[in-house]
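Undergrad: Next up is a structure, given as structure tokens.
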Amino acid sequence: MSVQAPIKRKTGPDICARKGGEPIVMLTSYHAHTATMADRYCDAILVGDSLGNVMHGFETTVPVTLEMMILQGSAVMRGSRQALVVVDMPFGTYEASKEQAFHSAARIMKETQCGAVKLEGGVRMAETIRFLSERGIPVMGHIGLTPQSINMLGSFRAQGREEADWAPIENDARAVAEAGTFAVVIEAVAEPLARKITAAIPVPTIGIGASVACDGQVLVLEDMLGLSPKPAKFVRRYGNLGPAIEEAVAAYAADVRSRAFPAAEHVYGMKTKA
Ligand code: KIV
């Protein structure tokens with residue numbers, strides 16, 4: 001009888017220890033089977049609240065609920081074995097108080113068994129991040145463009161475009177790092193600012209539209225596969241699955257309509273009487 005060595009999943013501290021080392025590879029996934037594929041190549045898988053846009057067709061991430069995140073987070077945990085799975089805390093489930101944040105994060109961790117949560121916000125969320133980290137919940141930060149604040153920001157545009165606007169973003173990065181995050185996503189900021197932040201904080205920065213100057217990168221899987229109708233401008237495509245899927249659907253529809261669809265006797269090898 002052979003005894004299989006258990007596969008050890010990566011943890012927040014493992015990711016944190018990669019600061020300044022081999023770049024951290026992270027992708028989003030919301031399903032078991034894409035998680036299995038991502039798991040072979042990624043250090044961390046993000047169950048992003050971008051599932052609101054990608055899976056549910058919402059214009060923003062604001063309508064996403066804790067239940068949606070828990071359902072898809074559990075699927076990703078079932079599909080993956082070695083990557084750290086990070087589940088986003090959705091809008092309205094953590095901002096009111098640190099106690100509200102703990103309650104929501106604990107539900108995510110218990111019901112999905114993921115290894116960490118991610119929340120948006122810098123200085124304003126530092127106290128909450130400290131509260132969660134001190135109570136056993138590894139937190140990934142998210143600064144720069146924070147899509148859950150779209151109704152205050154007005155548009156999904158890059159942040160810190162002028163050097164004069166950098167200081168608040170740098171302060172956000174320092175605040176979340178000091179509060180105990182094990183890594184920080186920096187979204188849609190220019191390279192010089194990303195470089196400055198990466199040099200300034202002791203935890204890894206994970207960029208999305210924030211240049212190669214970060215300690216790692218994250219992309220929305222469907223964006224990089226060419227499956228999203230409106231990917232952000234900075235997204236590099238590694239596939240073009242949209243047209244391939246449409247072609248397959250069209251071929252299937254044509255087969256069904258022309259009765260060329262394989263008949264049961266063909267599939268099961270049954271003989272039909274002439
Ligand atoms: O929800 C998400 O997919 C994210 C990434 C954009 C980092 O937060």
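Quick note: the coordinates plus some simple rules give every number you see, no bench work behind them. These numbers come from a predicted model, not from an experiment. Cβ atoms come from the backbone with ideal geometry, glycine included; neighbour counts cover every protein chain shown.
Undergrad: Can you count the Lys pairs in region 1-142 whose Cα atoms are under 20 Å apart, with each pair 8 or more apart or on different chains? Let's see the in-between values first.
TA: On the way: Lys8/Lys110; Lys10/Lys19; Lys10/Lys110; Lys10/Lys118; Lys19/Lys118; Lys98/Lys110; Lys98/Lys118; Lys110/Lys118.
Qualifying lysine pairs in region 1-142: 8.
Undergrad: Once Rh for region 12-240 is found with the Kirkwood sum over Cα pairs, what is the Stokes-Einstein diffusion coefficient at 10 °C and 1.306 mPa s, in µm²/s? Intermediate values should be presented prior to the final figure.
TA: Values: Rh = 17.2 Å.
My calculation gives 92 µm²/s for D.
Undergrad: With the crude spin-label approximation of a point 7 Å out along Cα→Cβ, what separation in nm comes out for Glu178 versus Ile7?
TA: Those two pseudo-labels are separated by 4.0 nm.
Undergrad: Rank the residues Tyr30, Tyr238 as a footprinting-exposure proxy: fewest other Cβ atoms within 10 Å of their Cβ go first.
TA: Working: Tyr30 26, Tyr238 12.
Listed from fewest to most nearby Cβ atoms, that is Tyr238, Tyr30.
Undergrad: Within 10 Å, at most 13 other Cβ atoms, and a DSSP state outside H, G, I, E, B define an exposed site. Report the longest part of the chain free of exposed GluC sites (Glu not before Pro). Display every interim value, and only then the final one.
TA: Working: sites that count: Glu59, Glu162.
Longest run free of exposed loop sites: 163-274.
Undergrad: Return a whole-number percent for the relative contact order of region 12-240, with Cα pairs under 8 Å and 6 or more residues apart as the contact set. Intermediate results must be reported in sequence, preceding the final value.
TA: On the way: 485 pairs, mean separation 44.2, N = 229.
Contact order relative to length: 19 percent.
Undergrad: Enumerate the residues in region 148-183 having an amide nitrogen under 19 Å from the point lying 7 Å beyond the Cα of Val62 toward its Cβ.
TA: Answer for this model: 148-158.
Undergrad: Right, here's the next one. Normalised by the number of residues in region 1-112, what is the relative contact order in percent for Cα pairs under 8 Å and 6+ residues apart?
TA: Working: 168 pairs, mean separation 31.2, N = 112.
28 percent.
Undergrad: Counting other beta carbons within 10 Å of each Cβ, put Met77, Met125, Met37 in order, fewest first. Don't jump to the answer; show the numbers that get you there.
TA: Numbers: Met77 21, Met125 26, Met37 15.
Ascending Cβ contact count within 10 Å gives the list Met37, Met77, Met125.
Undergrad: Among the helices of the chain (complete DSSP H runs), which have Cα atoms covering no less than 15 Å along the helix axis and a Kyte-Doolittle mean of at least 0.5?
TA: On the way: long enough: 66-79 (20 Å, 0.76); 98-112 (21 Å, -0.86); 166-179 (20 Å, -0.24); 241-257 (24 Å, 0.54).
Span-like helices in the chain: 66-79, 241-257.
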